[in-house]
Structures are given as structure tokens and as C-alpha cells.
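Below you'll find the structure, written out as C-alpha cells, and then a few comments.
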Amino acid sequence: DLIFEVLSTVPSRKEAQSFLKRFTIPYMKPPIPKPKVAKLPSTDKRSSSERIESDTNKQELQKEQFIDSLFSTNFDHVALIKIQGPFTPFNLKSVAKSLVHLQKLGLMSIVVLDNDDWKEMLKEGPARFNELKKWMLEDATNLSEAIEVSGGKSSPIYDDVFTLTNSHIPEKNTNNHYQYFKLPGRTLATDVGAKINVSLRWLKWCYNLGQIPLILPIALDGLLIQRTIPANSGMIELSRAISNPSNADSLNLKTPELEPMKIIVINSEGGIPSEERKGAHVFINIQQEYDYLKQSYKVNPEWNYTHPTGLENLELVKSCLENLPPTSSAIMVPAYSSAALVSNLITDKPRFSSSLPLTASTTPSTPITVLRYGAPVLFHHSLSTINIPSFQSLIEASFGRKLKIDDYLSRLKNCLDMIIVVGDYQGAVVVTMEDAEGNKKGDLPYLDKIAVAPNSQGMGIADILWKQLQTNYPNLLWRSRDDNIVNTW
């Protein structure tokens, strides 16, 4: 079932090689074959049919050993996953199956549980804590049982993860419950005015047992009293703790280090809604699009009903990715489409390009959004603002050959319209204005170069560039050799 799901992702050769390089055991060179010697008469008294059957059994055993090694649990990568219910029993089963498949493919899932139906009870504070905790444990048990049915192992964890500290001494209110007071002029980690601390002692235990930790958003305060905390706050602090190289708890495992690589939100509403297309945004470059997305919610108030937690989850992803390496990515997926997580793990990109024309009947819609913290986008209308050495290095690395930089710049001086640069020259496009004969600056926008640095490929840089091209140049001309593999894109 898992092998079929992997093959159904239809990765490209480059994507498949990248996945195998990141997630499977190192390739071992086969032993040097021994020199052939003259064959002696066989002393094997078995019949030919018996020998064939024995050889066949050996081949089958080798196949089984290969598949076992390919899908062996060998955690080198971590995903922080917020599972935001409530879900139907069918969707819960789908989510559990996806978690088990990710685990078999080498991704260690650290799950923080959330539920939209908890919110009203959370507002009432400590008065209904015991009732809410019981509800949380029931949700954790239901998911744990679904994971076990799908062939995995998990463990609900509701203590020894989060603790709260506060410099104020809490005072008792009339209900004999401790009430925290927020400190003036300070950004607070939780709704009770306390800072969240994270312990990762449980991580090694879960790793060694091959269990998926299901963490409840419950913390212990300075008086050893349990408190509920927002699941999003717990996720953010976990991302900071796991990515901290000085945290011995997170790194003292069988592997040299656990690389945090994904933030996953599984909910009922899916990704961030889009004004431009049906369904959700396909890909979001947070550094560039964050303010625009917040404004879109104001322009489309109906999204507060159809996607009520979209902005909260956008803030969550932004905060977590700020703590993680730039190669990390995030994905928001509805529970009924959670199988798409396997495809995203292998290809590390959206299921289709966000640059496909919006009005084309063949362009699919999706409820899934892939996000990266990304990079800023800068627009240059003159060579005077370009870092020429960085620009030259990018072009040469992308095309794999030397650029006659003086001749090229001399040509651009006469016809350059815009150079769009992503980040610190991670990618760039050059657009010129040509006339019909190509000997002077005209009125035909021409895509002269599009380049992505090899070490930035797979990070969505090409889609970021193409989206900017579509916005700034509704009509664009370019040339390509008919055997260029990029033509299919």
C-alpha cells in the first residue's frame, strides 16, 4: 500500500534521487568481483528444478531485504505537525495512515494536538481544566488507536514537555484557582501571561521506541499546577527548541543530529484561500506575500467563516519557519487529503506549479498550500544597482558555463527593462525590450535569462520568479531549444 502511494506521486528523476539521498541508508559500493576460475564438475546432487527453486527463493529474499531497508525507520528528519480537529472517523483514519507512512519513509513526526471545539472551554480558564483535559486525552487516545490500526505506534504525552515561568507571584481568585497577570510592555508566549519553556527529554525515548509522540497542549506552572496553553504557542516553542544546536536533548540520539525540515498543519479547512483561483493558494513565499495575505482576509470577510483559522495558522507557520533552517518548508492540508503529505515529502514542492495559467481549463484547483519562509524579491531597472559579481556567479552556476560578462552587460545597457532578484542572488530573471529586428530597444518584452542557483533549487525560487513575471509582463516572449526539458514546465 505504501509502495503504491509512493509510486503514485510520479516524482521526476531529480526529485527521486534527492529523496533517496536524504532519506535512505548510504549507498554501499558492491564488492570487487573475484577473478573467474575454471568450473569444476558440480557436486550438487539436487535436480535442476530444485536448484531453480532455491535460486528463486534467494532472489525473493534479496527483494524483501531491499524493501525492508528502504522502508526501515531511520529518523534523520523531523516534522512538527499540528493536528487540528475535530475530524470524522474516516478522516481520522486517513490522518493516522498518513502519519504511519511518513514514519516508514524516515520522517519523525512530533504531533501537537488541537481542536477547534476546545476554544469555548479554553476561554473559561482553570474552572473547567479537568473537564478539558479529559476531552484532550480522549482525542489523543482516539488518534493513538487509529495509528495502531494503521500499523504504527504512538504515545500520548501530557507532561514533561512544557513548563511555565512568570516573575509575578500568582494570586488566588475567589474560586481558589491561581490567576496570572500579564506583565506590562512585554510580549507574552501564552494567554496566561507566562513564558513557555520546553524540555525534550521525552524525544529520545520516543525515538528509541519508534513511537509518534502525541503532545497535549498542557504545561506545568511554577506551583506544579497543570495549565492549558494555546497549541500554536506550543508548536512555536517546540520549533525553537528542536532547531537549537546547543540543546543536547534534541541531538543526543543515534544520528549526529535531527534535521528539522517540515511544519505540517492538518485541519478541516485546508490551506490559505486565494482570490485569484478556486480553492487555496498553491505556493506562498511568506517574506514577500505575508502582508498581502493579511489584507486579503480584510477584503474577503467571508473567509472568516469558510477558513476561520487560516490567519492563525499563517502566523504559526511564519513563526516556526523563522526558527528553522532556510531549506525547511511547511504545508497546510485538509484531513481528507492528508495522503498528499507523502507526495510532498518526496518532491518537496506543490503537486502542481503555481505558475500555471489561472484561466486555463486544465489548471487544477487544490485545497493544499505549500509555504516557505522564502526570500525578499527586489526589482532593478538599471545595472547600477546590481551586484555584478554575484549576478555573474548566479548565471554561470545556473547554466553551467562561462558568461562573457563584458559583452553581455554592454548589450543590456541598450535594452534592459528589468532584473528581478530573489534573496541574495538565489535566483534572477532578466527582461529586455526588443524590436522586431533585435538591433535596438523596442516594445517587445523578452525573457532574456531565468536562473536559479543549484543550491537553491527545489525551494520554489522558479515559481516566485515566474509569478512576478506574470504580474509585471502579461505578454512575454522567449525562445527555447525544442529539446530543452524545461519546455514541459
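So which residues in segment 469-479 are surrounded by 10 or more Cβ atoms within 10 Å (Cβ to Cβ) and either in contact with a strand residue (DSSP E or B) (Cβ under 9 Å, 6 or more places away or on another chain) or part of a loop (DSSP other than H, G, I, E, B) (or both), if there are any at all? Break it down stepwise before answering.
First, pick out the residues of segment 469-479 that are surrounded by 10 or more Cβ atoms within 10 Å (Cβ to Cβ): 469-470, 472-473, 476-478.
Once the filter is applied, which keeps residues that are surrounded by 10 or more Cβ atoms within 10 Å (Cβ to Cβ) and either in contact with a strand residue (DSSP E or B) (Cβ under 9 Å, 6 or more places away or on another chain) or part of a loop (DSSP other than H, G, I, E, B) (or both), segment 469-479 yields Leu469, Asn472, Tyr473, Leu476, Leu477, Trp478.
Residues in segment 312-339 that are among the small types (Gly, Ala, Ser) and surrounded by 21 or more Cβ atoms within 10 Å (Cβ to Cβ): 5 in all. For the residues Leu465, Leu416, the requirement of being surrounded by 13 or more Cβ atoms within 10 Å (Cβ to Cβ) and over 33 Å from the mean Cα position of the chain (by Cα) singles out Leu416.
Across segment 73-91, the number of residues qualifying as over 20 Å from the mean Cα position of the chain (by Cα) and modelled with pLDDT under 55 comes to 0. Scanning segment 191-207 for residues that are touching a residue at least 24 places away in the same chain (Cβ under 8 Å), on the phi < 0 side of the Ramachandran plot and not basic (Lys, Arg) yields Asp191, Val192, Ala194, Ile196, Asn197, Val198, Ser199, Leu200, Trp202, Leu203, Cys206, Tyr207.
Against the test of being of a type in the set (S, T, N, Q) and open to solvent by 10 Å² or more (accessible area, probe 1.4 Å), the options Thr309, Thr369, Thr363 yield a single qualifying residue, Thr363. When restricted to residues that are surrounded by fewer than 23 Cβ atoms within 10 Å (Cβ to Cβ), over 11 Å from the mean Cα position of the chain (by Cα) and either in a helix (DSSP H, G or I) or of a type outside the set (Phe, Trp, Tyr) (or both), segment 347-360 contains 8.
Within segment 82-111, the residues that satisfy the criterion of being buried (at least 22 other Cβ atoms within 10 Å of the Cβ), β-branched (Val, Ile, Thr) and either free of Cβ contacts under 8 Å to residues at least 12 places away in the same chain or out of contact with any Ser or Thr (no Cβ under 7 Å at 6 or more places or on another chain) (or both) are Ile83, Ile110, Val111.
Could you say which residue among Ser239, Ser155, Ser246 is loosely packed, with under 15 Cβ neighbours inside 10 Å, of a type in the set (S, T, N, Q) and modelled with pLDDT of 50 or more?
On the way: Ser239 fails: loosely packed, with under 15 Cβ neighbours inside 10 Å; Ser155 fails: loosely packed, with under 15 Cβ neighbours inside 10 Å.
That would be Ser246, the only listed residue that is loosely packed, with under 15 Cβ neighbours inside 10 Å, of a type in the set (S, T, N, Q) and modelled with pLDDT of 50 or more.
It is to be established whether one or more residues within segment 411-422 are in contact with a helix residue (DSSP H, G or I) (Cβ under 6 Å, 6 or more places away or on another chain) and not in a helix (DSSP H, G or I). Looking through segment 411-422, at least one residue is in contact with a helix residue (DSSP H, G or I) (Cβ under 6 Å, 6 or more places away or on another chain) and not in a helix (DSSP H, G or I). Looking at this structure, is Leu378 touching a residue at least 24 places away in the same chain (Cβ under 8 Å) and either open to solvent by less than 30 Å² (accessible area, probe 1.4 Å) or part of a loop (DSSP other than H, G, I, E, B) (or both)? Answer is no for this residue.
Checking each residue in segment 395-429 for being among the aliphatic types (A, V, I, L, M) and under 17 Å from Asn475 (Cβ atoms) picks out Met418, Ile420, Val429.
The values are calculated or read from the model by the stated rules, or taken from the named source; none is laboratory data. If you're wondering where the values come from, they're calculated on a predicted model, not measured in any experiment. Please note: Cβ atoms are built from the backbone with ideal geometry, for glycine as well, and neighbour counts cover all protein chains shown. SASA here: full protein model, heavy atoms, side chains in, ligands and nucleic acids out. Shrake-Rupley method; radii C 1.70, N 1.55, O 1.52, S 1.80 Å.
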